[in-house]
1. If you scan the range 104-116, which residues turn out to be over 17 Å from Val80 (Cβ atoms) and modelled with pLDDT of 90 or more?
2. Would you pick out the residues in the range 78-96 that are more than 16 Å from the chain's Cα centre (by Cα), open to solvent by 40 Å² or more (accessible area, probe 1.4 Å) and in contact (Cβ under 8 Å) with a residue 24 or more places away in the chain?
3. Would you please list the contacts, defined by Cβ atoms under 6 Å and residues six or more apart or on different chains, that run from a residue in the range 103-126 that is more than 24 Å from Phe272 (Cβ to Cβ) to a residue that is outside any helix (DSSP H, G or I) and open to solvent by less than 20 Å² (accessible area, probe 1.4 Å)?
4. Identify all residues within the range 271-290 that are over 28 Å from Gly166 (Cβ atoms) and under 17 Å from the mean Cα position of the chain (by Cα); write none if there are none.
5. Would you be able to tell me the number of residues in the range 106-115 that are out of contact with any Leu (no Cβ under 6 Å at 6 or more places or on another chain), under 12 Å from Gly139 (Cα atoms) and open to solvent by less than 10 Å² (accessible area, probe 1.4 Å)?
6. With respect to Ser164, determine if the residue is touching a Phe, Trp or Tyr at 6+ places or on another chain (Cβ under 8 Å), among the hydroxyl-bearing types (Ser, Thr, Tyr), under 18 Å from Gly256 (Cβ atoms) and not in a helix (DSSP H, G or I).
7. Could you check how many residues of the range 131-151 are in a helix (DSSP H, G or I) and over 20 Å from the mean Cα position of the chain (by Cα)?
8. Please find, within the range 270-299, the residue that is modelled with the highest pLDDT out of those that are in a loop (DSSP other than H, G, I, E, B), open to solvent by 10 Å² or more (accessible area, probe 1.4 Å) and under 20 Å from Leu194 (Cα atoms).
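The values are calculated or read from the model by the stated rules, or taken from the named source; none is laboratory data. In this text the structure is predicted, and so the values were computed from the model without any measurement. Quick reminder, even Gly has a Cβ in these numbers, built from the backbone with ideal geometry, and neighbours come from all protein chains shown. In case anyone asks, the SASA skips ligands and DNA or RNA and just uses the protein heavy atoms, side chains included. Shrake-Rupley method; radii C 1.70, N 1.55, O 1.52, S 1.80 Å.
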Amino acid sequence: MTGAVRSIRSLAGRALREAALYREVVASRGAPRVAFFPSSGRSQSDLLRGYLVSDCLRDMGWASIVVPMQLTQGQRQRIVQAFRPDVVVLRTCRHELNRVDLFKGCKVVLDLDDADFFHPPMRDAITQAAREADGVICGSRFVRDWAAQLNQDTTVIWTGTPISDGPWPDHHDRERIVTWAQSDPLIYNHEFDLIEQIVLSAAEKGIRFRFRFYGWNFPADHPKLDRLRSSGVELELIPTLSYEDFLASLRDVAVGLSPVHPDSDFSKGKSFGKILAYIDAKVPVICSDAVDHALFFTPQSGVVSNDPDVWVEQIGALLEDPARRQSMAETAHADLRERLSIQTAARLTSAYLERIAVV
């Protein structure tokens, strides 16, 4: 495909996306209005905190649109002028046009579920946006504590998830699969090293299991896997999947790991992330005592610890006790429905946006 053809197709795609939004604008008269501006496509974070929350808000009586990331500044301005949103929600500042000063005359809320303020290329833009926005929605207390230094109207809304339909395989029928469901795992050096330490320790203790990596878009013989393979642990390398396929694939997993390195400020700014997928698939969770994990999990619903020895011990204990795994997974799943569903996140978002709109 030539450059000219790609350019024409790109222009046509943007025009079609803009035209589709106008149909929603026409149907929105008489309702409170909110426009979401994601920083990416339908990736997990923007899907869960943008597109799906927007869908729920429409069910709750809002006129809610999501403006695709591909639209130019001129297209965005035309949409805003036609839609006249009561509130604009900027899903982070990773998109170069997600800047508060480009939405003059609008109430603007910044939505942050990562500690981008520790990433040098993003620090200035995020800081300015947090200071200038009318409010900031944060995915965790850690992010809220940072944002509150710049903006007096901050709130914590945990990332919600849609609940998949059953049935789910019983843990007595699941294989002895342990996973770390982190996309691009080699990017997370500290967490990879911690996972390697735990898997090697478990293997040394004679604990039998297959270890599954997700988001593995690297060579199968990558040298970072050498120590794990030399220990005799069977490895399963899963490339990037669609979110739906990823959720389905987790249903044969026995234990899900979610490490957060205690010395990584960026990691401490994470939201629940892949833990949502674990719980949705009824996978028992072992996670770090970081982020807001301890505010959600109880000893009956998950394992929260920063001690690698506890992780190794609990991996072995859970693998040997499918009844306990089943009970833990069911308890966490019930709490997910009540506290971490997409409907819960949308209800809290609605209340916050209503208040911002009338201030």
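1. Within the range 104-116, the subset over 17 Å from Val80 (Cβ atoms) is 111-116.
The answer is Asp111, Leu112, Asp113.
2. Arg78, Arg84, Asp86
3. Final answer for the pair search is Phe103/Val88; Cys106/Val88; Lys107/Val87; Val108/Val88; Val108/Ala133; Ala125/Cys93.
4. Keep residues of the range 271-290 that are over 28 Å from Gly166 (Cβ atoms), which gives 288-290.
Matches in the range 271-290: Ser288, Ala290.
5. In the first step, residues of the range 106-115 are kept if they are out of contact with any Leu (no Cβ under 6 Å at 6 or more places or on another chain); the result is 106-109, 111-115.
Filter once more, keeping what is under 12 Å from Gly139 (Cα atoms): 111-115.
Still in the running and open to solvent by less than 10 Å² (accessible area, probe 1.4 Å): 111-112, 115.
Residues flagged as out of contact with any Leu (no Cβ under 6 Å at 6 or more places or on another chain), under 12 Å from Gly139 (Cα atoms) and open to solvent by less than 10 Å² (accessible area, probe 1.4 Å) within the range 106-115 amount to 3.
6. Working: touching a Phe, Trp or Tyr at 6+ places or on another chain (Cβ under 8 Å): no; among the hydroxyl-bearing types (Ser, Thr, Tyr): yes; under 18 Å from Gly256 (Cβ atoms): yes; not in a helix (DSSP H, G or I): yes.
When the stated conditions are applied, Ser164 does not pass them.
7. The qualifying residues number 2.
8. In this case the residue turns out to be Asp289.
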